[in-house]
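Values in this text are rule-based calculations from the coordinates and carry no lab data. Since this is a predicted model, take the numbers as computed values, not measurements. As a convention, Cβ positions derive from the backbone with ideal geometry for all residues, glycine included, and neighbour counts pool all protein chains shown.
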């Protein structure tokens, strides 16, 4: 099997289709909505949670069986029914239109895999085995969740603000890179590991101000 190319996909405002209305489909839909995608759902029935989302206008819902016309204007597709023949048909017809499509629990039939992900605010760590062992990916995810707590997401946000500030200034690119590199030293990481978020933030901010003031 060909090796997969890792990518972070921007879905904000993009029309995405989920075929299926069960609990697995609901999890996929929630993850798409978290990325601000525009989600359309096709299924004969919905979970209570999805029904509530449809009534609130959070998702666009068409009750019924999948049909090829459902793919019109779509950017990304998730096939999440409990019927293999339907999922495979969705994948085949989506790929004929050069669409991105994932088949839940049977990803080789699509053209992309969804990795296991550790999310800490802006920090995302994706783990993939190219579909060979989802259980191994899940185990590694559990280990990373213990290692990287919520404080790393807060630090990522702070570093993002600092980087944006540097980019707005007329700073030499080499100097800018040196400043950014100095912001996350071993001591900052040790403080984070010890749960000392405020001290870590203070060290980052002090390093930033020192870097800005240097000629």
Contour excess over end-to-end distance, with Cα ends at residue 132 and residue 117 and 0.36 nm allotted per residue:
3.8 nm
Which translational diffusion coefficient, to the nearest whole µm²/s, is obtained for the stretch 62-204 from the Stokes-Einstein equation, given a Kirkwood hydrodynamic radius over C-alpha pairs, 20 °C and 1.002 mPa s?
115
Cα centroid separation - the stretch 116-185 against the stretch 1-23, whole Å
21
Over the stretch 78-215, what is the mean sequence separation of C-alpha contacts under 8 Å (at least six apart), divided by residue count, expressed as relative contact order in percent?
14
Relative to the longest principal axis of the C-alpha atoms of the chain, give the angle of the C-alpha long axis of helix 84-96, reported between 0 and 90° and rounded to the nearest 10°.
70
By what distance, in whole Å, do the Cα atoms of the stretch 15-114 stretch along each of the three principal axes, largest value first?
33, 25, 25
Once you put a point 7 Å from the Cα of residue 12 and another 7 Å from the Cα of residue 182, both along the Cβ direction, what distance in nm separates them?
3.2
Mean shadow of the stretch 150-212, computed from the convex hull of its alpha carbons, in nm²?
3.8
